[in-house]
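Following: one structure in structure tokens, then a few remarks.
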Amino acid sequence: MKSSAILKAVYKDCLDRGYILHGDLLLPPNHPDALKLLAVKPKKKKRVITRKTGWIDDERNIRNKANQRDAFMMFVEQQLHVEVWPEFYFSTERLYRFDYAIPILSNSTPLKLAIEQEGGIWAKGNSGHSSGTGISRDMEKSNLAQSQGWVVIRRTPDQMITSETIELIKSLIKQRIPL
């Protein structure tokens with residue numbers, strides 16, 4: 001074993017056992033200087049204010065689009081050549097999100113088309129969206145979306161990647177594009 005590897009192992013072991021690094025010194029956990037360092041509270045990081053607009057420039061939507069990619073998104077984009085946004089925040093009033101949204105077309109025409117995947121509809125008992133609270137919350141979300149001009153398609157997981165879903169989306173795009 002090389003001496004640098006031994007030094008790294010000893011250094012790591014000291015840190016694992018609670019030694020405090022101060023400058024280039026390792027202080028034992030019970031050393032007076034180490035106790036003083038532990039008593040000093042680290043400064044809180046400033047909270048980063050994100051841009052929340054409920055539209056395509058909303059930083060939450062940009063982050064979701066960059067980090068998520070699934071079979072449904074690729075299927076729709078391949079079939080219809082439109083951008084699909086996952087987990088799309090559509091309002092600044094509430095933290096409501098659509099499972100998928102097609103907010104605009106490639107020519108920047110606003111479309112406001114959302115696709116909701118209704119999971120757990122066959123689950124036994126009052127769980128999630130099928131409880132009284134869940135149904136009430138879904139109604140509030142739906143009403144808010146409609147008041148902002150969104151059209152929402154609701155599909156079960158089995159219906160998501162089907163030609164019927166593509167035809168439904170295609171039909172709604174044709175209806176919403178001004179001639």
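FYI, it's all coordinate maths here, none of it is from the lab. Just so it is clear, the model here is predicted, and its values are computed rather than measured. Using ideal geometry, Cβ is built from the backbone for each residue, glycine included, and neighbour counts are taken over all protein chains shown.
Using the structure shown, list the pairs from Lys8/Lys44; Lys141/Lys174; Lys141/Lys170 with a Cα-Cα distance above 27 Å, or answer none. Provide the component values of the computation, followed by the final result.
Numbers: Lys8/Lys44 30 Å; Lys141/Lys174 25 Å; Lys141/Lys170 24 Å.
As for pairs spanning more than 27 Å Cα to Cα, those are Lys8/Lys44.
A Förster radius of 45 Å combined with the Cβ-Cβ distance from Arg137 to Leu25 puts the calculated FRET efficiency at roughly 0.20.
The convex hull of the Cα atoms of region 59-176, projected and averaged over all directions, covers 7.7 nm².
Among Thr109, Thr53, what is the fewest-to-most ranking by other Cβ atoms within 10 Å?
Arranged by neighbour count, lowest to highest, Thr109, Thr53 become Thr109, Thr53.
For the chain, what is the mean residue ellipticity at 222 nm derived from helices alone (per DSSP H run of n ≥ 4: -39500 (n - 2.57); sum divided by total residues; nearest 500 deg cm²/dmol)?
Working: 6 runs with 71 residues, N = 179.
Theoretical 222 nm ellipticity from helices: -12500 deg cm²/dmol.
Give me the angle, in degrees from 0 to 90, between the Cα long axis of helix 132-147 and the longest principal axis of the Cα atoms of the chain, rounded to the nearest 10. Its long axis makes an angle of about 70 degrees.
Kindly work out what percent of the DSSP beta bridges joining two residues of the chain are antiparallel, to the nearest 5. Write out the running numbers ahead of the final one.
On the way: 11 of 16 bridges.
Given both bridge residues lie in the chain, the antiparallel proportion sits at roughly 70 percent.
Among Val48, Val82, the ranking by other beta carbons within 10 Å of each residue's beta carbon, starting with the fewest, stands as Val48, Val82.
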